[in-house]
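Below is one structure; the comments refer to it alone.
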């Protein structure tokens, strides 16, 4: 990683980017108002993606997911905010067919009448996205992600699968 990064907390940025480039999940902890959200938003910029590409030789989409936007602390709310963030960030860069497929899964998720249907819609959307995106994908989860993750069986495995899919299909 290069030492001239102009992110907040440059040494932390180098360390986090190095781990992300190696395909590892990373957690950033700190006191309230210490700059965690600012840091994650700064990573989810073209500069963060360019640093990733420079280090790995692969392109990536860094997507900031603000879990405060979830309407409840539940699996379905988590799935919804992740897909909404992906659509907002990637919507204009996806080919029309992939964008429509992800939007259909998002609609199925938001109108799901069971946790199984919601989970299935989320997994189908992520699978489709990872298979056809053409680049690696890094989800930068912010605010209460641990609380929401406690309600999800295997969320770490899910995030690992997103990483695996990005590496496997890029």
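Residue 45 falls short on exactly one of the conditions (1) surrounded by fewer than 21 Cβ atoms within 10 Å (Cβ to Cβ); (2) at pLDDT 85 or above; (3) under 16 Å from the mean Cα position of the chain (by Cα); (4) over 21 Å from residue 17 (Cβ atoms), and that condition is (4). Of the residues screened, residue 101 is one that is over 20 Å from residue 48 (Cα atoms), surrounded by fewer than 22 Cβ atoms within 10 Å (Cβ to Cβ) and more than 12 Å from the chain's Cα centre (by Cα).
Could you pull out the residue among 85, 32 that is out of contact with any helix residue (DSSP H, G or I) (no Cβ under 6 Å at 6 or more places or on another chain) and surrounded by 15 or more Cβ atoms within 10 Å (Cβ to Cβ)?
Details: 32 fails: surrounded by 15 or more Cβ atoms within 10 Å (Cβ to Cβ).
Matching residue, one of 85, 32: 85.
Each row is one residue, and each column tells you yes or no for (1) within 18 Å of residue 22 (Cα to Cα); (2) loosely packed, with under 14 Cβ neighbours inside 10 Å; (3) modelled with pLDDT under 75; (4) under 13 Å from the mean Cα position of the chain (by Cα).
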| position | (1), (2), (3), (4) |
| --- | --- |
| 97 | no, yes, no, no |
| 109 | no, no, no, no |
| 121 | no, no, no, no |
| 124 | no, no, no, no |
| 168 | yes, yes, yes, no |
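Taken together, 93, 117 contain a single residue that is assigned to a helix (DSSP H, G or I), surrounded by fewer than 18 Cβ atoms within 10 Å (Cβ to Cβ) and either modelled with pLDDT of 90 or more or over 15 Å from the mean Cα position of the chain (by Cα) (or both), which is 117. Taking the listed residues 74, 4, the one that is closer than 30 Å to residue 116 by Cα and either surrounded by fewer than 17 Cβ atoms within 10 Å (Cβ to Cβ) or modelled with pLDDT under 85 (or both) is 74, with no other qualifying. Name the residues in segment 129-152 that are assigned to a helix (DSSP H, G or I), surrounded by 17 or more Cβ atoms within 10 Å (Cβ to Cβ) and at pLDDT 60 or above, would you? Of everything in segment 129-152, those that are assigned to a helix (DSSP H, G or I), surrounded by 17 or more Cβ atoms within 10 Å (Cβ to Cβ) and at pLDDT 60 or above turn out to be 129, 130. So residue 38 fits all but one of (1) under 14 Å from residue 7 (Cβ atoms); (2) within 12 Å of the chain's Cα centre (by Cα); (3) at pLDDT below 90; what number is the exception? Unmet condition: (2).
Confirm whether residue 65 is in contact with a helix residue (DSSP H, G or I) (Cβ under 6 Å, 6 or more places away or on another chain), under 20 Å from residue 44 (Cβ atoms) and at pLDDT 85 or above. Judged against the criteria, residue 65 is a match.
The values are calculated or read from the model by the stated rules, or taken from the named source; none is laboratory data. The model shown is predicted, which means the values in this text are computed figures rather than measured ones. Cβ coordinates were reconstructed from backbone atoms using ideal geometry, including for glycine residues, and neighbour counts include every protein chain displayed.
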